[in-house]
Each structure stands twice: as C-alpha cells, then as structure tokens.
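Engineer: Take a look at this one; I'll ask things after.
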Amino acid sequence: MRRPLRFTLLAVAAGLLASACASADVAATVSGVEITDDQVLALSVQDEDADSVRTANPCENPDRVGPEQVCVGFRDDLTVLVLLEAMIKAAEADFGITGIGTDEARSAYFASAPPEAEQVLQTLVSRPGRNTQDFANLILDQLDLRSRVQSALNHDQDNLASLWDQRPAPDIDYCVRHILVESEEEAIDVKARLDAGENFAAVASEVSIDTASPGGSLPCPSDPARWVAPFAEAVEDTEIGEVSEPVQTEFGWHVIALVPRAPATFDELVSDPDLWVPPQATNIWWSDWLDEAISSAEITVRSQIGTWFPAADGIAPPPASP
C-alpha cells in the first residue's frame, strides 16, 4: 500500500533506524552529510514578535519541561531538512541532478515557476515564528527539486515503456486541452504563439489562469455535458491536432486544442513526454521515487534530540529521564 503524503510540500516516506551522532553540534547525518543545530535553528525566530534567530537548541535546555512540549518544533524542522537532504542525494544519484540549494538554482526555478508556486511560498513563509529568508529558501529548494525530479521521471525510458504498455483502448480518440486567459487580446496572442510552434503545455503553465489543469490538460476522458455550452461547441468544431480560435465563456477566454488520447507510436511518446504523460502517472512515479529515496538513505539523529523512527517518518523523542 502506498504511504500518504508526508509534509507540506513533498511526499516523503520511511527512513532507516537512527543512532546517536558523535559531534555535539551535528543534529543529524544523512548518508554522510551533516546537518547542524545552527541550520535547524536558522529556520525559526525566538517568538512571533522577535526578529532574532534562535541560537540555542531547545532540546538541550536544562530548564525544559519535557522534550514533547519544548523541542517538538526543532524536531519537525530537523525532519524536513533530513528528508530534503535524502532527496537531494537520491536526485543526484538517480538523475545527475545537481545545484539544488544554490541561489542560482532558486532564481532559475522561480523565474519559470507556475503562479501557484509563488502563492504557496507566500503562504508558508508568512507563518509566525519563521525566519523568512531561510525558510523561503528551504521551500524553493523543495519546489525546485520536485520540479526537476518529476521532469526526469517523465522522460525515464522505463516509465514511458510502462505507460505505453498500459495505454487506453481507443474508445475515445481525443483529449482536450485549453489555455484560459482574461482577455481576448491575450487569447489571440496565445493562439499566435501556438500556431508558431510553441509547446502547448509550456504556454499553458506560463499564462493560463486555470492552474488546476497542469499543462492545460483536462481530465480524459471527460463528460462534455459538464462543460459550458460555448466551450463544448468549440470542442465539437475543433479538429484533432488543431488549435481553436479564441472562445469566450463566463470564465474568460479559452484557446482549445484536441490531441489524440494516446500517441500513435512509442517513438511519438518518447519525443514529447510532457505532452503525453498524464499528471496521474507523474504523481505515482514521484511518490514511488520518494519512497525509495528516503528508505535507502542512512539517517542518524543525535541521541539528545531523539531517534529516527521510520514508522512515524520523523524523530521520536528520547526516553524521559527517571
């Protein structure tokens, strides 16, 4: 059974049983990479009204009431860093992905990110108690890693071969994609870009205000009865492989394209995976990859902080003092 999503942005899975770290300021190690107390503490501030970053590990405060009540936030932040580091290591080993965590990588990701990524970022970094810059960098690293790994998974030959073997029977011979914008002028510009040969999914990710449809792809097969009349009529009038003229509905202006439900050959699938791979397949591959990335990592946690506990996908507190 596939495990559920683990934390705010990235689905994660089980790690290995932890043991104590030797160094006093190393909070955890992930396959030989050290994560220090300072890296964890940099993600939070003293309290909601303070700008100063925490400088002391609350799990080692002699005045604490108990680890469950005081250092749970420290453990949570350490867990996120541990999981991200495990995924960074796996992404490099599996796909040769490097540069995650650099300013250049964050800038490059943010420049091409879909609009919802900025919304997620703003929502999370505005939470009380967060050191905005360091926490924003952490979120960008997570989003950048996910984007790059998903792209690599979509182009993986084994994944594509499996998808090809499971292609649907041709009972419905087309799927519908659309790009939704606010004005007719924007729709005309979108059609011109598509007619000039730009990639539909890339244009949709850049400009479409329907962010619930990745790459502009609508569920396939779809029930035309659920579409508003002008949209349904435009679909009926559009030939497979063509791009419609802009059509207005109550939601805005649409540019519609009909594509075959499945590629005609495996080579066609391989030539443009971003066109053919459905989001559901990408999500399954991503979840499976995360399971393997985390379970194969060698994770240890300093004993004063707790123990890496696979069943909880996080850090269990140390035993209470007698």
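Engineer: Working from the alpha-carbon coordinates of the range 113-243, get Rg over Rh, Rh being the Kirkwood radius.
Structural biologist: 1.04
Engineer: ASP134 versus GLU236, label points 7 Å from Cα toward the beta carbon: distance in nm?
Structural biologist: 6.1 nm
Engineer: Give me the Kirkwood hydrodynamic radius of the range 202-312, using the inverse of the mean 1/r over all pairs of distinct Cα atoms, in Å to one decimal.
Structural biologist: With all distinct Cα pairs of the range 202-312 included, I get 17.7 Å.
Engineer: Could you grab the relative contact order for the range 121-257? Cα pairs under 8 Å, six or more apart, rounded to a whole percent.
Structural biologist: Rounded, it is 25 percent for the range 121-257.
Engineer: Around PHE95, under 11 Å between beta carbons, what's the net of Lys plus Arg minus Asp minus Glu among the other residues?
Structural biologist: -2
Engineer: Which whole-angstrom value gives the distance between the alpha carbon centres of the range 132-170 and the range 243-289?
Structural biologist: Their Cα centres are 15 Å away from one another.
Engineer: When only Cα pairs under 8 Å and 6 or more residues apart are kept, what is the percent relative contact order across the range 240-322?
Structural biologist: Here the relative contact order equals 14 percent.
Engineer: If you take the charge dipole of the range 175-236 about its Cα centre, with +1 on Lys and Arg Cβ and -1 on Asp and Glu Cβ, which of CYS220, SER205, VAL181 is farthest toward its positive end?
Structural biologist: Of the candidates, CYS220 comes out farthest on the positive side.
Taken together, the values in this text are just the output of simple stated rules run on the coordinates, not laboratory data. Because the structure is predicted, anything quoted here is derived from the model rather than measured. Cβ atoms come from the backbone with ideal geometry, glycine included; neighbour counts cover every protein chain shown.
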